[in-house]
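I have placed the structure first, in the form of structure tokens, so that the comments after it can refer back to it.
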Amino acid sequence: MQTLTHWIGGERLDGDRHLDVTNPASAEVIGRVPLADTATVERAIDAARAAQPAWRDTPPAKRAQVMFRFKMLLERDADELCALVAREHGKVLEDAMGELKRGIENVEYACGVPELLKGEYSHNAGPGIDTWSNHQPLGIVAGITPFNFPAMVPLWMYPMAIACGNAFILKPSEQVPSAALKMAELLEEAGLPAGLFQVVHGDREAVEALIDAPEVKALSFVGSTPVAKSIYRRGADNGKRVQALGGAKNHAVVLPDADLDNAASTLIGAAFGSAGERCMAISVAVCVGDATADALVAKVGEQARTLKIGPGTETGLDMGALINAAHRDKVAGYIEQGKAAGAELVVDGRQHPLVQESPGYFLGATLFDRVTPEMGIYRDEIFGPVLCVVRVETFEAAIALINAHQYGNGTCVFTRDGEAARRFSDAIEVGMVGINVPLPVPVAFHSFGGWKESLFGDLHAYGPDAVRFYTRRKAVSQRWPAQNLREQAQLNFPSS
Ligand code: NAD
């Protein structure tokens, strides 16, 4: 049983209100986390305010040095970090390592901050006038993150925010609090001064305190769509810069010319990896033509039945437990609902032996065929190991189906036809597109973001957009007139 704390001004701090932290694979309570009140959030803001001015004036190359050391420390302690993630989240260790590695990419990108902040310069923008634009930090910024990527999603945010000269306050998911604390320890060891990265655990009260605090200039949120929307609105009312990434329903289109063996096995990974608790998980396969659907359902069904499921902390498994009992029951409820609505239940994850035998929150892989667009299992984000197959007659119908969906995070197409792939990537109203790539999560030197109900705000997460999100531009025009030059007053708008 571990007692967790906030990390404020470089010190550990407890609180009055607490929440149990549970191991989803055993249903055992393994720790307790404090939930911050407004006063605790204000304490973190005070510490950030004290630390940020000197950090702002620290040369970017020196700030980058901290990130270089941080990357090495993350790699040194990767096994420990992944064990914390697997224990609290339930995902398997190898998957936790994958998320950590993708997170570390963002630290590597932040190491290039001297280059990224260089700005733009025009000599003789006007007569004897030079103009330059640069990016200055915002001051204090905050991030609110979901349970499903305890290491990676915070790493999308704070390395770049801090490298740009800001102080960052992280409010991680209260269900998976330990990875954030471990990362705070490593940043301290890397030489980051106290107050520049802080961890405030909590729920809605802590989040609202961050949104309402005038000192917090920008908020990065990743989580479900209803919360993303409310945070975006409240942040905008407070005059804040907000990027709020929400939920998803990601479709894979399978064309008749696709390599179906390959499509089936990569779909298995994209649909059931991390028990489907990924915002980029493929949860709908749109098969063009009945022959394509029949073949794909047979191949996916066969493999889905053989997935190895168990406690994420053990090695050699494919899938771990879901995050908590309520969520597992909600996903199981969707399976019942889909069956009642008339979809064909090809593989029923509720029949997996662990569902009965283990006290943990397990559910096997589930496959539905003949799902139709009006069904709840098609419309809603289920966020579990459930793959729905929708049958359409034409490629155009597949594109129209995806474009009509309220979410637009990720999508992919399986085909050997370059023209069809190009048309798909051009016409599809989704932010991240894969062509024979089922999980098109951009690398750290591009940016990540969906469209429609999957993102509120304009700038995407990490990559080049993060530099713009965590800084504000300043354009300076400068002239040094010759001595004794006396200019006529000019009342017309100056132009060259
Ligand atoms: P969630 O919305 O329940 O919680 C996200 C964060 O918001 C947590 O830190 C939580 O404490 C806080 N929160 C919850 N309710 C709140 C409220 N009423 N007011 C203020 N703050 C609140 O999401 P989750 O269940 O932790 O994560 C799963 C969701 O996140 C899924 O919908 C998934 O698609 C989404 N997600 C999206 C992306 C993306 O990049 N678009 C990435 C990962 C996860």
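The values are calculated or read from the model by the stated rules, or taken from the named source; none is laboratory data. Note that this is a predicted model, so its numbers are computed, not measured. Please note: Cβ atoms are built from the backbone with ideal geometry, for glycine as well, and neighbour counts cover all protein chains shown.
Below are the figures for this structure:
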quantity: Members of the stretch 1-51 that are hydroxyl-bearing (Ser, Thr, Tyr) and touching a strand residue (DSSP E or B) at 6+ places or on another chain (Cβ under 9 Å); calculated: 3, 5, 22, 40
quantity: Test: residue in the stretch 157-167 that is out of contact with any Cys (no Cβ under 9 Å at 6 or more places or on another chain), over 18 Å from residue 50 (Cβ atoms) and surrounded by fewer than 24 Cβ atoms within 10 Å (Cβ to Cβ); calculated: no
quantity: Options 179, 190: the member that is more than 12 Å from the ligand (Cβ to nearest atom), closer than 28 Å to residue 85 by Cα and buried (at least 22 other Cβ atoms within 10 Å of the Cβ); calculated: 179
quantity: Residue within the stretch 116-136 that is touching a Leu at 6+ places or on another chain (Cβ under 6 Å) and within 16 Å of the ligand (Cβ to nearest atom) present; calculated: no
quantity: Scan of the stretch 278-295 for residues that are more than 16 Å from the ligand (Cβ to nearest atom) and in a loop (DSSP other than H, G, I, E, B), ordered by number; calculated: 289
quantity: Subset of the stretch 312-348 (residues that are under 13 Å from residue 22 (Cβ atoms) and out of contact with any helix residue (DSSP H, G or I) (no Cβ under 8 Å at 6 or more places or on another chain)); calculated: 324, 325, 326, 327, 328
quantity: When residues of the stretch 348-362 are limited to those that are more than 16 Å from the ligand (Cβ to nearest atom) and touching a residue at least 24 places away in the same chain (Cβ under 8 Å), the one surrounded by the fewest Cβ atoms within 10 Å (Cβ to Cβ); calculated: 359
quantity: Condition met for residue 381 (in contact (Cβ under 8 Å) with a residue 24 or more places away in the chain and either at positive phi or buried (at least 19 other Cβ atoms within 10 Å of the Cβ) (or both)); calculated: yes
quantity: Residue 458, sole failed condition from (1) surrounded by fewer than 20 Cβ atoms within 10 Å (Cβ to Cβ); (2) modelled with pLDDT of 95 or more; calculated: (2)
quantity: Count - residues of the stretch 153-186 that are within 14 Å of the chain's Cα centre (by Cα) and among the polar types (S, T, N, Q); calculated: 1
quantity: The stretch 242-256: number of residues that are assigned to a loop (DSSP other than H, G, I, E, B) and away from the ligand (no atom under 13 Å from the Cβ); calculated: 2
quantity: Output for the stretch 397-451, where each listed residue is of a type in the set (Val, Ile, Thr) and either away from the ligand (no atom under 16 Å from the Cβ) or free of Cβ contacts under 8 Å to residues at least 24 places away in the same chain (or both); calculated: 399, 402, 413, 415, 428, 433, 435, 437
quantity: Looking only at the stretch 230-241, and only at residues there that are more than 10 Å from the ligand (Cβ to nearest atom) and of a type in the set (Lys, Arg), the one that is nearest to the chain's Cα centre (by Cα); calculated: 241
quantity: Only listed residue being in contact with a strand residue (DSSP E or B) (Cβ under 7 Å, 6 or more places away or on another chain), in a helix (DSSP H, G or I) and either without any contact (Cβ under 8 Å) to a residue 24 or more places away in the chain or within 16 Å of the ligand (Cβ to nearest atom) (or both), chosen from 275, 263, 298; calculated: 275
quantity: When residues of the stretch 452-479 are limited to those that are farther than 26 Å from residue 112 by Cβ and in a loop (DSSP other than H, G, I, E, B), the one nearest to the ligand (Cβ to nearest atom); calculated: 454
quantity: Condition met for residue 314 (under 23 Å from residue 175 (Cβ atoms) and surrounded by fewer than 20 Cβ atoms within 10 Å (Cβ to Cβ)); calculated: yes
quantity: Options 347, 371, 392, 331; residue that is within 14 Å of residue 305 (Cβ to Cβ) and at pLDDT 95 or above; calculated: 347
quantity: Flag if residue 235 is in a helix (DSSP H, G or I), crowded, with 23+ Cβ neighbours inside 10 Å, at pLDDT 95 or above and not charged (D, E, K, R); calculated: yes
quantity: Meets criteria (among the basic types (Lys, Arg), touching a Lys or Arg at 6+ places or on another chain (Cβ under 9 Å), at pLDDT 95 or above and closer than 24 Å to residue 67 by Cβ) for residue 217; calculated: yes
quantity: Hey, residue 223 within 16 Å of the ligand (Cβ to nearest atom) and surrounded by fewer than 24 Cβ atoms within 10 Å (Cβ to Cβ) or not; calculated: yes
quantity: Qualifying residues in the stretch 196-214 (those that are touching a residue at least 12 places away in the same chain (Cβ under 8 Å) and surrounded by fewer than 16 Cβ atoms within 10 Å (Cβ to Cβ)) - the one farthest from the ligand (Cβ to nearest atom); calculated: 214
